[in-house]
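*Asks:* Pasting in a structure now, in structure tokens, and then I'll have a few things to ask.
The values are calculated or read from the model by the stated rules, or taken from the named source; none is laboratory data. Note that this is a predicted model, so its numbers are computed, not measured. We place every Cβ from the backbone using ideal geometry, glycine too, and count neighbours over all the protein chains shown.
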Amino acid sequence: MITILAANRKGGVGKTTTAVNLAAWLGRMGKKTLLIDMDTQGHLQYGLGFKKPFDKGIHETLKNGNILEIIHTTDFENLDLIPASINFDVSLLGDNKTLLKKRFEDSKIDEIYDICIIDTPPTSDTIIFNALSVGNYALVPMQTEHLGLIGVMQFLKIFYKMAPRINSNFKLLGVVPTMFNKSMKEHKVIIENLKKYVSKNRVFEPIRKDFKLSNAFALGKPIMYVDNRCRGSKDYKKLAESVIEKLNLK
Ligand SMILES: Nc1ncnc2c1ncn2[C@@H]1O[C@H](COP(=O)(O)OP(=O)(O)OP(=O)(O)O)[C@@H](O)[C@H]1O
Ligand SMILES: [Mg+2]
């Protein structure tokens, strides 16, 4: 199993949208995919049509418990969910950075799935460290705007310093510019500057702005199950294809 973290310390940049829609496409492409919501806001489950809070989520299970018991199948192809414990008090976890690693090892979950995508909160706390401890790659959604680029530069500085201390196998998969508008010259300039900063092969094709991506959350479905020809759907399909190619998963 390959584990990818949708991560960026900045809020509202498209982490959850990317986690849901990338995972749904990977599932459609035949990869057995698990989504884990590590953000106690618990938004991810809404994107999959689960409106009520679950009895138990990942945060309550971190200290002890079997994560296999909190997996929920979804209505979507090859796609399962481990939900968040909504409003869980993260301070209860102390600063133990390897709880999730232990849960992964005990359950042998990596023998069940091809890909695991973890949605992370816009914070740098115990939760992020735990996600880092099981991750192979970070995928960093960046809102295509000047402060988005500055935020990514700051985030990657911390990332390169912190990640090797927790997990020496952890790498940057790439940055995904989101909410891109090709008619705005500024957006193209921001992406060119990003390519100078992180190198060209670590910048994915941008995800264009598409209100249908927001609306898909209201409808409780990944975008491709709402409209598979809209911009958001096509762009996330392309992202899934690039991820499969980069990771040699064909
Ligand atoms: N490409 C896009 N086009 C239009 N709207 C988008 C796009 N991507 C995300 N959004 C919208 O932007 C908002 C923030 O997206 P999302 O919740 O995915 O960000 P996030 O990084 O997970 O936020 P948080 O840090 O709060 O967890 C949502 O309303 C979402 O529907
Ligand atoms: Mg989110």
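*Asks:* Specify the residue that is nearest to Asp110 (Cα to Cα); the eligible residues are those in segment 29-40 that are more than 11 Å from ligand 2 (Cβ to nearest atom) and in contact with a helix residue (DSSP H, G or I) (Cβ under 7 Å, 6 or more places away or on another chain).
*Replies:* Within segment 29-40, the match that is nearest to Asp110 (Cα to Cα) is Thr33.
*Asks:* Could I ask something else about it? In segment 115-127, how many are crowded, with 24+ Cβ neighbours inside 10 Å and not in a strand (DSSP E or B)?
*Replies:* 2
*Asks:* Now, a different point. Among the residues of segment 32-48, write down those that are within 13 Å of ligand 1 (Cβ to nearest atom) and charged (D, E, K, R).
*Replies:* Asp37, Asp39
*Asks:* Could you identify the single residue in Tyr236, Tyr197 that is more than 18 Å from Ala6 (Cα to Cα), in a helix (DSSP H, G or I) and among the aromatic types (Phe, Trp, Tyr)?
*Replies:* Of Tyr236, Tyr197, the one residue that is more than 18 Å from Ala6 (Cα to Cα), in a helix (DSSP H, G or I) and among the aromatic types (Phe, Trp, Tyr) is Tyr197.
*Asks:* Write out, first by first residue and then by second, each pair whose Cβ atoms fall under 8 Å of each other, whose residues are 6+ apart or on separate chains, and whose first residue, in segment 23-43, is β-branched (Val, Ile, Thr) while the second is within 11 Å of ligand 2 (Cβ to nearest atom) and assigned to a loop (DSSP other than H, G, I, E, B).
*Replies:* Here the result reads Thr40/Ala84; Thr40/Pro121, each pair linking segment 23-43 to a residue that is within 11 Å of ligand 2 (Cβ to nearest atom) and assigned to a loop (DSSP other than H, G, I, E, B).
*Asks:* Can you find, within segment 157-180, the residue that is farthest from ligand 2 (Cβ to nearest atom) among those that are within 24 Å of Asp235 (Cα to Cα) and surrounded by fewer than 19 Cβ atoms within 10 Å (Cβ to Cβ)?
*Replies:* Lys171
*Asks:* Filter segment 87-114 down to the residues that are assigned to a helix (DSSP H, G or I), of a type outside the set (A, V, I, L, M, F, W, C) and modelled with pLDDT of 95 or more and list them by number.
*Replies:* Within segment 87-114, Lys101, Lys102, Arg103, Glu105, Asp106, Ser107, Asp110, Glu111 meet the criteria.
*Asks:* Taking the options Ala23, Ala84, name whichever one is assigned to a loop (DSSP other than H, G, I, E, B) and within 16 Å of ligand 1 (Cβ to nearest atom).
*Replies:* The match here is Ala84.
*Asks:* Can I ask one more? Considering each residue of segment 58-81, count those that are in a helix (DSSP H, G or I) and of a type in the set (A, V, I, L, M, F, W, C), and give that number.
*Replies:* Count: 4.
*Asks:* Within segment 212-228, is there a residue that is part of a helix (DSSP H, G or I), closer than 24 Å to Asn136 by Cα and touching a residue at least 40 places away in the same chain (Cβ under 8 Å)?
*Replies:* Looking for residues that are part of a helix (DSSP H, G or I), closer than 24 Å to Asn136 by Cα and touching a residue at least 40 places away in the same chain (Cβ under 8 Å), one finds none in segment 212-228, hence no.
*Asks:* So, one more: Being in contact (Cβ under 8 Å) with a residue 60 or more places away in the chain, among the polar types (S, T, N, Q) and touching a helix residue (DSSP H, G or I) at 6+ places or on another chain (Cβ under 6 Å) is the filter; apply it to segment 120-140 and report the residue that is nearest to ligand 1 (Cβ to nearest atom).
*Replies:* Thr120
*Asks:* Let me confirm something: among Thr61, Thr40, which residue is surrounded by fewer than 22 Cβ atoms within 10 Å (Cβ to Cβ) and over 27 Å from Lys209 (Cα atoms)?
*Replies:* Thr61
*Asks:* Of the residues Ile67, Ile117, Ile112, which single one is within 16 Å of ligand 2 (Cβ to nearest atom) and in contact (Cβ under 8 Å) with a residue 12 or more places away in the chain?
*Replies:* Matching residue, one of Ile67, Ile117, Ile112: Ile117.
*Asks:* Kindly provide the set of residues from segment 41-57 that are within 14 Å of ligand 2 (Cβ to nearest atom) and part of a loop (DSSP other than H, G, I, E, B), ordered by number.
*Replies:* Listed by number, the residues that qualify are Gln41, Gly42, His43.
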